[in-house]
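Working notes, structure below.
The values are calculated or read from the model by the stated rules, or taken from the named source; none is laboratory data. Owing to the predicted nature of the structure, the values given are computational and were not obtained by experimental measurement. Please note: Cβ atoms are built from the backbone with ideal geometry, for glycine as well, and neighbour counts cover all protein chains shown. Ligands, DNA and RNA are stripped out before the accessible areas are found, and what is left, the full protein with its side chains, is counted by its heavy atoms. Shrake-Rupley method; radii C 1.70, N 1.55, O 1.52, S 1.80 Å.
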Amino acid sequence: MSVESVGMNPVEALALVGVIGVGAQWLAWRIQMPAIVLMLAAGLIIGPLTGIFIPSRDIGDLVGPMISIAVAVILFEGGLTLNFHALQDAAKGVRRLVIVGAPLGWLTSTLAVHYGAGLGWEASAVFGGIMIVTGPTVIAPLLRQARLSRRPAALLQWEAIVNDPVGALAAVLAFGVVTVLSENEGGVAATMHFFFGIFFATLVGWVAGRGIALAFRKALVPEFMKVPVLFVVLLAAFTISDRALHESGLLAVTVMGLVIANAALPSYEELRRFKEHATILLVSGVFILLAAGLDLQELLSLDLRAVMFVVLVVLVARPLSVMISLVGTTVPMRERILVALTGPRGVVLMAVAGLFGERLVALGVPDGAAIGPLAFALVAATVVLNGFGLTPLASLLGLRAAEVPGVLLVGGTRLTTGLGAALKKADVPVLVTDWNLGHLRYARAAALPVFFGDILSEAAENKVEFIGFSNILAATDNDAYNTLVATDLAPEFGRDKVWQLPRVKSESTRHALPVTLGGRRFGDGRTYDEYETLMAEGWTIRTTKLTEEYGYQAWKDERPESILLCVISATGDFRFVGNDSKQTPAAGARLLALSPPKGEGV
């Protein structure tokens, strides 16, 4: 009996999807590859290639609704990340990419489908509308990996989020026209219905977002019920809008997310982080479901016309629409080139393409069957090209926030100034921040980059290139503030990358904090006052390079009083040193240590 004939029950199938999807994302993180590449490959292997998992067979009619709800949640999370304050000088560029770029992209993509893949005008127009989307679920991890500067990153992120529902609606419009032509319905009535659907979806999303914001701000919903209430309202908004116009629910949930993101809610960060976690799970599942549900024969039917189609989209349609859209803006040419050559497609494209392909076939448009395989080819090609090419392209254009991940030092003190100067000399980017301008005098005197303001403020979020830093040290004279900074920024940096000075009396159970608060303990246990006293007495931070002949143990024997603070490996990797550090620096590493006046570096 073959695997394909046996199949799985729905519980086993969902468990397999979860394990494969999340496992692919974890493996991608470990080997520094775009996660979507591994997820698509995994879906193909367990689906059409081996027949282990066939969604229509093992899950049945629930596949479509599951994908629709997952895409709605993904788009809502995307809208929830878009705070208008983050736009800054990228606002005009984003407007042009949406208002001018979306219709122009629809036209150029339609031409690419018709003349490249050879599809008829009906299928080409519908698929061309869907291709406006650039995949926020793919863009976000690519931006983190490439460490882009703020403005081009904002352009790509906003375009991806806003154009996702726009692309779905464009497909709805084209499909409506095809329906009218095929069934001889009234064109005026169909047009009225379409625009009413858009208005209704926008209104539903705005009302839902404002309602959530008002209820949360007035404490009408307890903390433990905020996420469940949010999720239920999201589903309701999506469903109500979709009843008025198919796929308009995507617009409703995006508007809802935008409204909540700009409502200045105290609980906003908790909501956003929960949605990010949910989105990771949903993206994993959706990609596995879509890839596993592809028909092997349809994939094998892809020929040189499909290759021509992908080439036209990547090298002609996308660059042409972006370049024309940004004419007359203040966006520099190198940023225009980066945006024009960066257009990965993702889960929304595959999900919506599969849906409309089936509907076109049902209407008697045979070319609709080719939309799904072509969508897969475009997603796979653009993700591989941008996943492996965005970082080199950004480096070539000089648009990376930092070629070497930097260190963010919170607190303008003698310790952070000495550490910053030593790191700067070692070619590690640093930024010293403090809310007190007087505290920054040491860093200014040492010619270190500084930020005057609270690192947790909205101004810091808009002006500090957080993506250019991989480690943070909270080292002010206020233990409570250090703990607050470390706790707040840990989800963004990763808890293993956030450090703080040991708290005074932290060894006492009366003063000990839960493990959920604060960062890792920096140094050998000394507090702020103890470090500042040593620096005032003339201790300095010196750099020593280890060799095969002069290893770590020899350094320790020669300088028993020196306090090791951080290590830069031979490959350039940086790490702070704390009481829990177990690794022994190898040859080629550089040691940064606080040494007494008589100590000298090598």
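Quick look at the values:
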read-out	value
Distribution of pairwise C-alpha distances over the chain, 10 Å bins, in %	3, 15, 23, 23, 17, 11, 6, 2, 0, 0
For the chain, the longest site-free run once trypsin sites (Lys or Arg not before Pro) in DSSP loop states with at most 11 other Cβ atoms within 10 Å are removed	219-504
Bins of 10 Å, starting at 0 and running to the largest distance - Cα pair percent for the stretch 32-71	27, 44, 27, 2
Cut-off of 10 Å, at most 11 other beta carbons, DSSP loop: longest stretch of the chain lacking such GluC sites (Glu not before Pro)	1-506
Phi to ³J(HN,Hα) by Karplus 6.51 cos²θ - 1.76 cosθ + 1.60 over the stretch 330-341, Hz, x for Gly, Pro	8, 5, x, 4, 5, 6, 4, 4, 4, 5, 5, 9
Shape category assigned to the stretch 225-351 from the gyration tensor of Cα positions, a/c cut at 1.5	oblate
Filter on Lys424/Lys463; Lys424/Lys556; Lys463/Lys582; Lys218/Lys497; Lys424/Lys582; Lys425/Lys556 - keep pairs with C-alpha separation over 32 Å	Lys463/Lys582; Lys218/Lys497
Debye log10 I(q)/I(0) at q = 0.16, 0.23 Å⁻¹ for the stretch 282-353, Cα point scatterers	-0.77, -1.04
Accessible area of the chain belonging to carbon and sulfur atoms, whole % at 1.4 Å probe	64
